[in-house]
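Take a look at the structure set out below.
The values are calculated or read from the model by the stated rules, or taken from the named source; none is laboratory data. Note that the structure is predicted; figures quoted are calculated from it, not measured. All Cβ positions, even for glycine, are placed from backbone atoms using ideal geometry, and neighbour counts span all protein chains on display.
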Amino acid sequence: MTPLKLSRRQALAAAAAVPLAGAAVRPAAAAADMKGPTMAQVNRFRLGGFEVTTLLAGTRTVPDPQGTFGMNVTPEEFAAVSAAHFLPADAAQFFFTPTVVNTGSELILFDAGLDPEGITGALAAAGYTPDQVDAVVVTHMHGDHIGGIGGGATFPNARYLTGRAEFDHWAGAGNDGFEANIRPIAERFAFLEDGGTVAAGITGMAAPGHTPGHMIYMLESEGRRLAITADTANHYVWSLGHPDWEVRFDMDKAAAAQTRRQVFGMLAAERIPFIGYHMPFPALGFVEARGADGFRYVPASYQFMLEPTEG
């Protein structure tokens with residue numbers, strides 16, 4: 001019989017297939033431990049000469065979303081719209097997203113989240129400390145926007161700005177959140193009217209309805225624009241997508257619907273990106289008109305990772 005000859009490659013393969021002497025043959029190890037869900041807390045990008053950072057200062061699951069959104073539509077319509085967007089109709093995830101704008105000379109915080117722990121933790125994740133904040137802009141005075149102010153203790157070096165109509169309303173309303181967080185530092189506030197300036201390139205715009213003095217802010221730097229729309233829409237489908245659906249938190253529901261149509265109509269027509277306080281984190285995206293009925297939210301992907309092109 002002719003001896004069997006193996007090539008070097010065949011010999012190595014055969015050796016690899018034979019267990020080492022004395023080695024125990026055992027089944028594969030168990031799967032790795034489950035780590036639980038996670039998501040980023042910070043998203044940062046350039047806008048011309050500005051650096052903009054969105055901060056996830058809190059998120060929570062809330063049952064019965066139609067008790068908050070779509071109060072004037074039937075359960076059947078609410079369920080159908082939800083299903084069309086791959087959303088359950090019996091629960092929603094809420095996001096709370098303050099925004100930091102570094103203009104190059106000032107660090108400006110738009111809204112302060114639910115509580116001091118949430119906003120300071122988010123700032124730390126972004127590499128900032130509360131004493132670096134030069135200005136806090138309050139878009140409106142619902143508790144999830146002012147709770148982190150902590151009666152002025154959270155941001156020791158900041159000045160504060162808000163709409164005059166907003167401040168005057170809550171100063172006379174006897175609201176616990178206002179009394180705890182805003183009243184103690186009332187003398188540190190400067191007041192804005194429609195078209196008022198926070199800093200060079202940052203302009204306030206009246207957007208009432210959600211609250212009497214609710215304001216949004218337009219950023220512009222080196223020809224690039226971005227809107228901070230605060231609570232103009234509280235959900236990307238049930239509020240932005242359907243501007244006439246009533247929202248429980250809107251104090252003047254008709255005015256809020258009109259404001260949604262005006263603001264998002266402008267952003268869609270001019271193709272201006274925006275940050276929405278309650279949009280899914282990182283809360284940055286675009287909007288396009290959807291027939292005569294509403295709008296469609298288009299989350300940002302890599303647009304802000306690219307250098308702007310000329311023309």
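Taking the criterion of being in contact with a Lys or Arg (Cβ under 8 Å, 6 or more places away or on another chain) and either closer than 19 Å to Gly294 by Cα or modelled with pLDDT under 95 (or both), the residues of segment 198-243 that qualify are Gly209, Thr232, Ala233, Ser239, Leu240, Gly241, Pro243. Cβ separations smaller than 9 Å between residues 6+ apart or across chains give the following pairs from segment 89-112 residues that are within 15 Å of Asn234 (Cβ to Cβ) and touching a residue at least 24 places away in the same chain (Cβ under 8 Å) to residues that are buried (at least 23 other Cβ atoms within 10 Å of the Cβ) and of a type in the set (Ser, Thr, Tyr): Phe95/Tyr277; Phe96/Tyr277; Thr97/Thr54; Thr97/Tyr277; Asp111/Thr97; Asp111/Thr99; Asp111/Thr139; Asp111/Tyr277. Hey, any hits in segment 141-160 for a residue that's in contact (Cβ under 8 Å) with a residue 24 or more places away in the chain, buried (at least 22 other Cβ atoms within 10 Å of the Cβ), more than 28 Å from Gln41 (Cβ to Cβ) and touching a strand residue (DSSP E or B) at 6+ places or on another chain (Cβ under 7 Å)? There is no residue in segment 141-160 that is in contact (Cβ under 8 Å) with a residue 24 or more places away in the chain, buried (at least 22 other Cβ atoms within 10 Å of the Cβ), more than 28 Å from Gln41 (Cβ to Cβ) and touching a strand residue (DSSP E or B) at 6+ places or on another chain (Cβ under 7 Å). Just one residue in the set Ala171, Ala186 is within 20 Å of Asp115 (Cα to Cα), touching a Phe, Trp or Tyr at 6+ places or on another chain (Cβ under 9 Å), surrounded by fewer than 20 Cβ atoms within 10 Å (Cβ to Cβ) and of a type in the set (A, V, I, L, M); that residue is Ala186.
Within segment 186-242, the only residue that satisfies the criterion of being small (Gly, Ala, Ser), outside any loop (DSSP other than H, G, I, E, B) and more than 29 Å from Gly151 (Cα to Cα) is Ser221. Restricting segment 193-233 to residues that are crowded, with 24+ Cβ neighbours inside 10 Å and not aliphatic (A, V, I, L, M), the residue that is nearest to Val136 (Cα to Cα) is Tyr217.
Among the candidates Gly104, Gly174, Gly163, the residue that is over 25 Å from Thr59 (Cα atoms) and modelled with pLDDT under 95 is uniquely Gly174. Of the strands (runs of 3 or more DSSP E) lying entirely inside segment 81-126, the ones with 2 or more residues being surrounded by fewer than 20 Cβ atoms within 10 Å (Cβ to Cβ) are found at 91-96.
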